[in-house]
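The values are calculated or read from the model by the stated rules, or taken from the named source; none is laboratory data. These numbers were taken from a predicted model, which means no experiment stands behind them. A quick note on method: Cβ atoms are made from the backbone with ideal geometry, for glycine too, and the neighbour counts reach across all protein chains shown. What goes into the accessible areas is simple: the full protein's heavy atoms, side chains included, and nothing from ligands, DNA or RNA. Shrake-Rupley method; radii C 1.70, N 1.55, O 1.52, S 1.80 Å.
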Amino acid sequence: MSHVFGRHCHAELPTAVGGDGCYLIDRDGKRYFDGSGGAAVSCLGHANARVIEAIKAQADQLAFAHTGFFTSEPAEALADLLIANAPGDLDRVYFVSGGSEAVEAAIKLARQYHVERGEPGRRHLIARKQSYHGNTLGALSAGGNALRRAQFAPILVEMSHISPCYEYAERPADETPEAYGQRVANELETEILRLGPDSVMAFIAEPVVGATLGAVPAVPGYFHRVREICDQYGVLLILDEVMCGMGRTGHLFAHEAEGINADIVCIAKGLGAGYQPIGAMLCTDAIYRTLAEGSGFFQHGHTYIGHPMATAAGLAVVQELLERDLVTQVKARGDYLANALAERFGGHPQIGDLRGRGLFRGLEIVADRDTKRPFDPTLGVAGKIKKAAFAEGLICYPMPGTRDGKHGDHVLLAPPFIASEAELDQLVDLLGRAIDAVLTSLPAMPD
């Protein structure tokens with residue numbers, strides 16, 4: 001009997017004992033293609049020699065030094081490398097142990113920034129419906145996914161949620177993509193005015209929405225308008241790139257594709273590539289200087305921030321991404337995967353949308369392609385696809401509640417950047433088998 005408190009009390013999981021490139025291996029020797037990188041984590045695949053050696057070398061030299069007393073060489077080097085390759089005015093890096101911590105730090109920094117510049121009335125955070133920003137209480141409060149929020153709602157912090165930029169399901173046929181993007185972006189201004197322009201501290205959004213919508217990028221012009229509104233009302237723009245950043249969508253920082261700059265950026269997952277738990281919050285020099293010239297102290301912190309072994313691993317990961325030009329490879333492999341998915345599923349009657357950017361791809365599963373009607377949630381389509389794919393030897397990331405936290409199903413794909421074209425073909429083949437097996441087993445749907 002296991003004493004591990006797992007994610008699901010009744011799940012019997014195989015034991016992973018090894019990793020080999022794009023594959024994980026269980027105790028029985030079965031190989032699984034890691035088609036979602038776990039949760040968009042394993043960008044370098046498994047058993048990367050350079051990263052493993054960096055961790056070993058750091059363990060031999062220094063395992064831990066509390067940041068209340070010391071900095072460390074790998075933390076300094078990783079921060080320098082990130083800022084050297086970051087867009088805009090990003091200038092400082094605050095290391096944490098994962099994405100939820102990065103978002104918590106961003107929210108608290110936004111609040112303290114306004115307090116220190118003499119605007120303590122700025123307290124509201126605006127986010128988007130169907131977003132996901134993490135599982136700690138502050139991050140979960142920012143997230144707009146009803147499925148994840150429901151049972152914790154009474155203890156969440158009150159935050160505002162405007163519409164997502166979700167073209168497939170929410171743009172009317174008689175509205176152009178550009179007009180749709182401007183309309184939903186302008187909801188931000190409407191909400192700022194409703195709350196009071198001097199009471200809003202920040203707006204947080206994922207440049208490409210991951211877990212809850214399934215690799216949904218914004219339409220052209222959306223984020224430009226968002227940036228204009230934030231500037232007009234003195235609102236900080238926080239971009240959550242925990243899942244879509246660090247090369248996943250074809251740019252080291254996902255918002256580079258939008259041609260805008262952020263005030264605060266959250267990264268994790270691909271930063272450590274699964275080799276160590278690490279995340280980071282990056283902010284502009286102006287934000288940092290406000291604190292430096294004020295209290296001089298960010299009222300925040302965790303025991304393991306800036307951990308030497310974690311930052312050593314992150315440094316090796318980012319060096320691999322840059323020196324092997326893997327971000328450029330993501331664009332090429334992403335195009336290949338998009339074409340392969342279109343060829344296999346483009347005419348499928350139950351695949352309503354194929355979307356994404358780089359090696360971050362989503363398929364929305366529907367009961368009726370013409371009307372975009374989702375399946376009845378009681379059928380559990382996403383969960384069945386996950387189980388069927390795993391049986392085939394494919395790890396992917398299906399999720400229910402795509403439309404509103406209850407209705408809708410999608411599959412998220414985020415394979416390692418090192419995947420070959422042949423391996424991506426295998427991913428599509430295994431996924432096709434799993435989806436077809438599940439859909440053909442469902443009861444007939446009424447018209």
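Quick notes on this one:
- Qualifying residue in the range 114-133 (condition: part of a helix (DSSP H, G or I) and either of a type in the set (Phe, Trp, Tyr) or touching a strand residue (DSSP E or B) at 6+ places or on another chain (Cβ under 8 Å) (or both)): yes
- When Gly294 is tested against (1) over 30 Å from Pro120 (Cβ atoms); (2) small (Gly, Ala, Ser); (3) more than 14 Å from the chain's Cα centre (by Cα); (4) part of a loop (DSSP other than H, G, I, E, B), only condition (1) is not met.
- So Phe64, is it open to solvent by 60 Å² or more (accessible area, probe 1.4 Å) and either in contact (Cβ under 8 Å) with a residue 24 or more places away in the chain or assigned to a strand (DSSP E or B) (or both): yes
- Matching residues in the range 271-314 - criterion: being open to solvent by 30 Å² or more (accessible area, probe 1.4 Å), farther than 30 Å from Val115 by Cβ and among the aliphatic types (A, V, I, L, M): Met309
- Restricting attention to the range 387-404, the residues that are farther than 18 Å from Gly352 by Cβ and in a loop (DSSP other than H, G, I, E, B) add up to 1.
- Residues within the range 30-44 that are farther than 14 Å from Glu423 by Cα and assigned to a helix (DSSP H, G or I), tallied: 3
- Taking the range 83-104 as the range and being within 22 Å of Ser72 (Cα to Cα) and aliphatic (A, V, I, L, M) as the test, the residues that pass are Ile83, Ala84, Ala86, Leu90, Val93, Val96, Ala102.
- Each residue in the range 110-127 was checked for being open to solvent by 10 Å² or more (accessible area, probe 1.4 Å) and under 20 Å from His255 (Cβ atoms), and 1 of them qualify.
- Condition check for Val17: of a type in the set (Val, Ile, Thr), within 26 Å of Ile418 (Cα to Cα) and crowded, with 22+ Cβ neighbours inside 10 Å: no
- For Gly144: the one exception among (1) modelled with pLDDT under 95; (2) within 22 Å of Glu187 (Cβ to Cβ); (3) open to solvent by 40 Å² or more (accessible area, probe 1.4 Å): (3)
- Residues of the range 128-163 classified as in contact (Cβ under 8 Å) with a residue 24 or more places away in the chain, charged (D, E, K, R) and over 18 Å from Met243 (Cα atoms), total: 1
- Residue within the range 88-111 that is assigned to a loop (DSSP other than H, G, I, E, B) and closer than 15 Å to Gly270 by Cα present: yes
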